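Colleague: So that we are looking at the same thing, I have put the structure below in structure tokens.
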Amino acid sequence: MEEGEAPETGTLPLDAWHRARGGRMVEFAGYWMPVQYEGIIAEHLWTRESAGLFDVSHMGQLFVSGEGVEAALEAVLPIDFATLKPYGPRYSLLLDENGGILDDLMVTRWNSGFYLVVNGATKWEDIAHLREHLPDEVTLTHLEDSALLALQGPKAAEALGRVTTGEWPLSALTFMKGGQFKIAGIDAWISRSGYTGEDGFEIAIPAENAAQIADLICAQPEVKPIGLGARDSLRLEAGLPLYGHDLSDETSPIEADLAFAINKRRRAEGGFPGAERVQTELASGAPRKRIGLALDGRQAAREGAQVFVGDEKVGALTSGGFSPSLGHPIAMAYVAAAHCEHGTSLEVDVRGKRLPARVVSMPFVPHRYHR
């Protein structure tokens, strides 16, 4: 590649599979990915009512191991590894020295190390950052030969249970628990997790078997393939932030309402990047907060729209769209702390028109995790 030339858009293991099923492909996070098959609203509602299969193979799957790996990771992540039980994924954050969020991720204790899943758009920066900050005795392996699928929805367990075998039944897994299983005789790491607010599973499998397993899962009557469009509207209804939109290196965990991702001991002791800012904002409050907004009417407000109280600009939207489940527009925004109380009336500027909005609790649609 010539200097200054844009990198070529990559393809995922299921690229041909998506195209054969009518997936409309778009560039996302450096890859061609399906934005929709039959339509975003139809796919969104199908996932809420039945089960949808998402290809999330663009995510970075990493394995970190070696001498002193636990202490090394605890120095870069704000979680208490003593509380991390085997095969129980935990949400965490990669922070810079100023407490800004470099990425959000999942970390799981495996037998001989730790399995991390990071965002696709930031995975190369994450890998570089971790390699820079982890000692030489610790090995970071990018699991490039692994695909990642997410089966989400109230009928996901029923559908996946039919094609899965293991030491214990899939139904034994509760939310944020995982284990090793087999699908059609192929090894699969499965955790009961996802990013839609619904019950569901994330499934790591060899890339070479991805099409075979996707076919098998989609052969179940409850399951349809679902694109990026519905994935975004589902996670928005679930009040879940998306890196690069609702989270960035300009937002802190406290502003982003992600204090739960920092364990009690780590809040008190610090010892992770950005601890000083996190501890200050925990004690004194953050100057702004990520909030949920419900808008009247049918017109959606999108990322970047400014939020006002009278003539005063008090914030800006980071995600927004029409909620298929609720039948009205919703949004997430960062708003000055004085205007974040539940029920506060605000206005959102959409192309010069002020739309009335009010602060509401998130999630917009209740989570239905299997606990």
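Colleague: Just checking, does segment 130-151 include any residue being over 30 Å from Gly270 (Cα atoms) and in contact with a Gly (Cβ under 7 Å, 6 or more places away or on another chain)?
Modeller: yes
Colleague: Looking at segment 339-358, I want the residues that are more than 21 Å from Ala286 (Cβ to Cβ) and have a partner that is among the charged types (D, E, K, R) and assigned to a loop (DSSP other than H, G, I, E, B) with Cβ atoms under 6 Å, at least 6 apart or on another chain. Which pairs are those?
Modeller: Partner pairs satisfying both residue conditions: Pro356/Asp296.
Colleague: Among the residues that make up segment 247-257, is at least one of them in contact with a Ser or Thr (Cβ under 8 Å, 6 or more places away or on another chain), under 16 Å from Thr318 (Cα atoms) and acidic (Asp, Glu)?
Modeller: Taking segment 247-257 first, the residues in contact with a Ser or Thr (Cβ under 8 Å, 6 or more places away or on another chain) are none.
Within segment 247-257 (the criterion being in contact with a Ser or Thr (Cβ under 8 Å, 6 or more places away or on another chain), under 16 Å from Thr318 (Cα atoms) and acidic (Asp, Glu)), the answer is no, since none of the residues qualifies.
Colleague: Can you name the residue in segment 175-214 that is without any contact (Cβ under 8 Å) to a residue 40 or more places away in the chain and of a type in the set (D, E, K, R) and is also farthest from Tyr369 (Cα to Cα) among such residues?
Modeller: Only one residue fits best here, namely Asp187.
Colleague: Please enumerate the residues belonging to segment 92-104 that are touching a helix residue (DSSP H, G or I) at 6+ places or on another chain (Cβ under 7 Å) and either acidic (Asp, Glu) or surrounded by 15 or more Cβ atoms within 10 Å (Cβ to Cβ) (or both).
Modeller: Looking only at segment 92-104, we keep the residues that are touching a helix residue (DSSP H, G or I) at 6+ places or on another chain (Cβ under 7 Å), and these are 92-94, 98-99, 102-103.
Ser92, Leu93, Leu94, Gly99, Leu102, Asp103 - these are the residues of segment 92-104 that are touching a helix residue (DSSP H, G or I) at 6+ places or on another chain (Cβ under 7 Å) and either acidic (Asp, Glu) or surrounded by 15 or more Cβ atoms within 10 Å (Cβ to Cβ) (or both).
Colleague: I would also like to ask the following. Answer yes if at least one residue in segment 285-298 is aliphatic (A, V, I, L, M) and in contact with a Cys (Cβ under 6 Å, 6 or more places away or on another chain), and no otherwise.
Modeller: Let us first name the residues in segment 285-298 that are aliphatic (A, V, I, L, M), namely 286, 291, 293-295.
Filter again for in contact with a Cys (Cβ under 6 Å, 6 or more places away or on another chain), leaving 291.
Yes, that holds for at least one residue.
Colleague: Next up: Just checking, how many residues over segment 269-316 are surrounded by fewer than 17 Cβ atoms within 10 Å (Cβ to Cβ), more than 27 Å from Glu237 (Cβ to Cβ) and free of Cβ contacts under 8 Å to residues at least 60 places away in the same chain?
Modeller: Total meeting the criteria: 11.
Colleague: Give the residue, chosen from Glu255, Glu250, Glu208, that is surrounded by fewer than 19 Cβ atoms within 10 Å (Cβ to Cβ) and under 22 Å from Leu95 (Cβ atoms).
Modeller: On the way: Glu255 fails: surrounded by fewer than 19 Cβ atoms within 10 Å (Cβ to Cβ); Glu208 fails: under 22 Å from Leu95 (Cβ atoms).
Criteria check complete, one pass: Glu250.
Colleague: On to the next question. If I filter segment 5-38 down to residues being farther than 19 Å from Asp215 by Cβ and of a type in the set (Asp, Glu), which single residue comes out as modelled with the lowest pLDDT?
Modeller: Glu5
Colleague: Select from segment 241-291 the residues that are aromatic (Phe, Trp, Tyr) and in contact with a helix residue (DSSP H, G or I) (Cβ under 9 Å, 6 or more places away or on another chain) and list them in ascending order. Steps first, answer last, please.
Modeller: We begin by selecting, within segment 241-291, every residue aromatic (Phe, Trp, Tyr); these are 243, 260, 272.
Matches in segment 241-291: Tyr243, Phe272.
Colleague: Under 8 Å between Cβ atoms, at least 6 apart or on separate chains: pull out the pairs that start in segment 60-83 with a residue that is loosely packed, with under 15 Cβ neighbours inside 10 Å and end on any residue that is of a type in the set (Gly, Ala, Ser).
Modeller: Listed by first residue and then by second, the contacts come to Ala75/Gly271.
Colleague: If you don't mind, another one. Taking the criterion of being touching a residue at least 24 places away in the same chain (Cβ under 8 Å), under 21 Å from Arg368 (Cβ atoms) and among the basic types (Lys, Arg), would at least one residue in segment 235-251 satisfy it? Write out each step before concluding.
Modeller: Of all residues in segment 235-251, those touching a residue at least 24 places away in the same chain (Cβ under 8 Å) come to 235-251.
With the extra rule that they be under 21 Å from Arg368 (Cβ atoms), the set shrinks to 235-242.
Adding the requirement that they be among the basic types (Lys, Arg) leaves 235.
The answer is yes; a qualifying residue exists.
The values are calculated or read from the model by the stated rules, or taken from the named source; none is laboratory data. Everything quoted here is computed from the prediction, not taken from an experiment. Counting neighbours? That spans all protein chains shown, and the Cβs are built from the backbone with ideal geometry, glycine included.
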